[in-house]
Structure formats: structure tokens, C-alpha cells
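The values are calculated or read from the model by the stated rules, or taken from the named source; none is laboratory data. These figures come from a predicted structure and were not determined experimentally. Ideal geometry is used to build each Cβ from the backbone, glycine not excepted, and the neighbour counts take in all protein chains shown.
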Amino acid sequence: MNVWVVKTSEMLASDSGNGRLLRSGIVANMLDERGHRVTWWMSTFDHANRRNRATADLTVPFGARGTIRMLHSPGYRASISFARLRDHRLWGRAFAAAIEGATRPDVILCSYPTIEAAAVCVRFGARHGVPVVLDLRDMWPDIFSEYAPAFLRPLAHALLWPWRARARAAMRGATALFGITDEFLAWGLRFAGRPRNDWDGAFLLAFPDPPPAEQSDPAARSAEAFWDERNVTAASAFNVVLVGSMTKRRFEMPTVLAAARDLQPDAGRVKFILAGDGDDLHEYRREAADCANVDFPGWLNAAQIRSLLKRAHLGLVPYRNTPDLVMSVPNKVGEYFAAGVPVATCLSGTLARLLEERRCGMQFEARQPLTLATLVRRLRADPQLCRELSANAKRTYQEELSGTQVYGRMIARLEAIAGAGLDGAIRAAGGVELHT
């Protein structure tokens, strides 16, 4: 089948720095491997590295038979900004113009957000008889008001009504809604104002199956040496690891640093390795200057991350309890679990339930550093518990977060929707009509 994958801002494996495929890229790659023809529509703007890949539209090959269609957009510096809204509006216009001359697909998988991309896809699908699936990844525009001061949130909510109207029309007009969790799917269905149909589904943010270990690989040898030189080994300390973007907007980093400071005098050594780059990295390094047990190695390549996780005893997921994250199982959870690393999180909601049900991690309280320090002390003193949590984490990855398993099910659903065609998909969904 001919499939359009629409995701404006996801990383490419060729991107400088931290380039690697994520959800849309992995699905596109798996579709290509299954013999389908994929067109991945995206922006020239590299969101992760805040740079433009090209100064004009660019088409490059993808996989064995597919293409990536990059449409130029100006980009932005801040994630929450008018410049970003302008970028999305301009990209949406360029996308609407570009697809009118493109070969009609059998099905469209459009990541949501952006609102503009979703709206364009649903209108195109209704006009040309193409089923459209929206993959709900973030709670736009609802989440925007969360970043306003509390006293301004009602006003922010009111000002967002144009985006809310477009989002509702797109979700209501989609053939099917996918969500990164059942809770996300339920949010989208409430937004759309319709019941769940047989095509809708929840597919977790999965992690690609790790490559076979190859100690002869130069990148692997270099990564092992990198951590050896920093004295990060499984035997030298109880290693608490965080791999992510260093930003205040998402992380409860003061809690993490205060817990590390509290653990410094302990006889049993604990080391916090907080890896990644971001706008607030320099500030965090200053705040932790007196903590000899905290290491900020900065940005890591894929081999260095794999090597670090082999030496880790506990993986941190210290996100703030915003409505979107409370309903999520973040990307990094699958990465930790694939390496057999149990998780400690201050998130309530979906992830906390997963950790409790599968016994593959533990929860601490946001803004209560002592709860994290106590959790770490407990695990450091109980190697048997650590081994049990690690085995459960690996099992949970294999059963619930493996990219091959999760995205294989997603692709099977897409194939069924495409096979039914738009009219058949509407009948199977119980007669839900499309709105343009």
C-alpha cells in the first residue's frame, strides 16, 4: 500500500548530534520493510537541534522505496512561543499546497500535534476518499494554558478557542484515533465528542529492539572507555541515571539534586549520572557544584547511552505532573526497560500504575527529596530486590514496550483500515461521518 506518514518535527537518523528514529520514523521504517511505499512529510526544521536542515523544500530517499518530503518552515527558538505557532501555520499552508499534486495514498497516519497538519490531512482525506488516522501524542491546545500563571489560565483557555475548534474538527473528522495510552485516546474521544470505534486504539511509546551486542564495534569500545575514564562502573557505585533534555519546564531537577546532596555522606556510594543537553544544563551544573556524586556528562551518542544503561542500577523519570505526562508512559521508560533498568518516577497516573502492576520500578514524591533518597537507600541495600525489579523491567519491555511488538500491531491496524478503504472504514466504525 501507499502510506503517508505526517510528522513535522521528529528526528532523523542523519541529524547531527542526537539523530535517531523515534515513533513516526520507526513506524515508517517498519512499513518500508514490510513492502509498503512510504512518503514521510515533515519540516526542514530540526526541532531537537534548533536548526534548519535546508533553506528550501527538500526530497530525500527513505528506506528501500520511500521518500522524505521536507517542506521549508522558518523554525523557532523556544518551544512555547509565537514563533513556533507561526512556523506551524506556514508549514501547514505549504503542506496543503504540496499534497494536491501528490500521488493519492491508501491511508494517512498523521501525528497530532500539530493541529494544522491534522486539519489538512482530514480535509484532504474527506475530499479524496482517503482514510486518515490521527496519532495523539500531545494534548494540544489544552496543555498550552498549563504554562500560563494560575490566575491567567482562564484567559489563556479562552484565547485558545480557534485552535480548539480546529482540533475538535480534525479529531471528529478522522477515520480513527490512535493514542499513546488508553488515557490519551479517551481524551481525544472526549475532544471529538464521539464514542470509541473498532478502528481506534492505544499503542504505547515503544522503544526499538536493541541491536545485538558487538564488543568489536569501534563505537561500542569507545563508549566503554568513555565511562571507564569517568569511573562509572556497576561495581564502583550504585548508579542512578537520567537520560534526557536538561530543562526546567519538564523535570523536577531540584528534587533530584537535593536527594543526591543528601546521599553524599553515606558509606555506600551512590552516583547520579544526569546525561543530556539543554537550555538549563549550565545552571544545573552550577547548582550541583558541591555534589561530588553528581556527573553531568552532557550529550551522549547512542553507543554511550547503551553502555551507560548497562552500568545503571536505576533510571530516573523525574517529570513534572502536568496533565499530559500524568496520562503518558514517556519514551525513556522503554529505553530503560529494554536495558533491564528499573524506573523511579515522581509521576502519578499511568506510569505509576504500570510500575506497581508490573513491579518494575518505584515512585517518589515530587518536591520531596527525602523520598527519593530513601528509595535509593532501600534499593542500594537490597541487591535481590534490584535484581527482581530489573528482571521485571526487561519482561515488561518485551511484553508491552517492544517497538517490534507495539508498532507491528499499529501497522496491522493501518493495513486493515487501508484495506477497508474510507467507506468501509466508516461502516466498520459504526457509521461515524467525516466532518470537513
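Output the residues belonging to the range 221-257 that are buried (at least 19 other Cβ atoms within 10 Å of the Cβ), over 27 Å from the mean Cα position of the chain (by Cα) and among the small types (Gly, Ala, Ser).
Residue satisfying the conditions is ALA237 alone.
Please state which one of THR371, THR322 is assigned by TED's automatic domain parsing to the domain that holds SER307, modelled with pLDDT of 95 or more and polar (S, T, N, Q).
THR371
Condition check: surrounded by fewer than 20 Cβ atoms within 10 Å (Cβ to Cβ) and more than 30 Å from GLU116 (Cβ to Cβ). Does PRO218 satisfy that? So that I can check it myself, show each step before the final result.
Numbers: surrounded by fewer than 20 Cβ atoms within 10 Å (Cβ to Cβ): yes; more than 30 Å from GLU116 (Cβ to Cβ): yes.
Here the answer is yes, as PRO218 does meet what is asked.
Please state which of the following conditions ILE99 fails to meet, knowing it meets all the rest: (1) under 30 Å from VAL329 (Cβ atoms); (2) in contact with a helix residue (DSSP H, G or I) (Cβ under 7 Å, 6 or more places away or on another chain).
The one condition ILE99 does not meet is (1).
Restricting to the range 64-75, count the residues that are surrounded by 13 or more Cβ atoms within 10 Å (Cβ to Cβ) and either aliphatic (A, V, I, L, M) or at pLDDT below 90 (or both).
Final tally of qualifying residues: 3.
Evaluate the following for GLU433: is it among the acidic types (Asp, Glu) and modelled with pLDDT of 95 or more?
no
Do any residues in the range 244-268 that are assigned by TED's automatic domain parsing to the domain that holds ARG306 have Cβ atoms under 6 Å from those of residues that are surrounded by 15 or more Cβ atoms within 10 Å (Cβ to Cβ) and β-branched (Val, Ile, Thr), where the two are at least six apart or on different chains, and which pairs are they?
Going by the 6 Å Cβ cut-off, the qualifying pairs are ALA260/VAL294; LEU263/VAL270.
Out of the range 362-380, which residues are of a type outside the set (Asp, Glu) and either in contact with a Pro (Cβ under 9 Å, 6 or more places away or on another chain) or not in a helix (DSSP H, G or I) (or both)?
Across the range 362-380, the qualifying residues are MET362, GLN363, PHE364, ALA366, ARG367, GLN368, PRO369, LEU372, LEU379.
If you scan the range 401-430, which residues turn out to be modelled with pLDDT under 95 and charged (D, E, K, R)?
ASP423, ARG427
Which is over 24 Å from TRP187 (Cα atoms) and among the small types (Gly, Ala, Ser), of ALA119, ALA102?
Just one listed residue meets the conditions, ALA102.
Please find, within the range 13-35, the residue that is farthest from GLY403 (Cα to Cα) out of those that are of a type outside the set (Asp, Glu) and without any contact (Cβ under 8 Å) to a residue 40 or more places away in the chain.
SER16
Give the residue, chosen from ASP266, ASP262, that is surrounded by 14 or more Cβ atoms within 10 Å (Cβ to Cβ) and either over 25 Å from ARG320 (Cβ atoms) or hydroxyl-bearing (Ser, Thr, Tyr) (or both). Explain how you work it out, then say what you get.
Details: ASP262 fails: either over 25 Å from ARG320 (Cβ atoms) or hydroxyl-bearing (Ser, Thr, Tyr) (or both).
Residue meeting the stated conditions: ASP266.
Being surrounded by fewer than 18 Cβ atoms within 10 Å (Cβ to Cβ), touching a Gly at 6+ places or on another chain (Cβ under 8 Å) and not β-branched (Val, Ile, Thr) narrows it down to one residue among ASN29, ASN52; which is it?
ASN52
Determine which member of the set ASN197, ASN239, ASN231 is polar (S, T, N, Q) and closer than 30 Å to SER24 by Cα.
Numbers: ASN239 fails: closer than 30 Å to SER24 by Cα; ASN231 fails: closer than 30 Å to SER24 by Cα.
It is ASN197.
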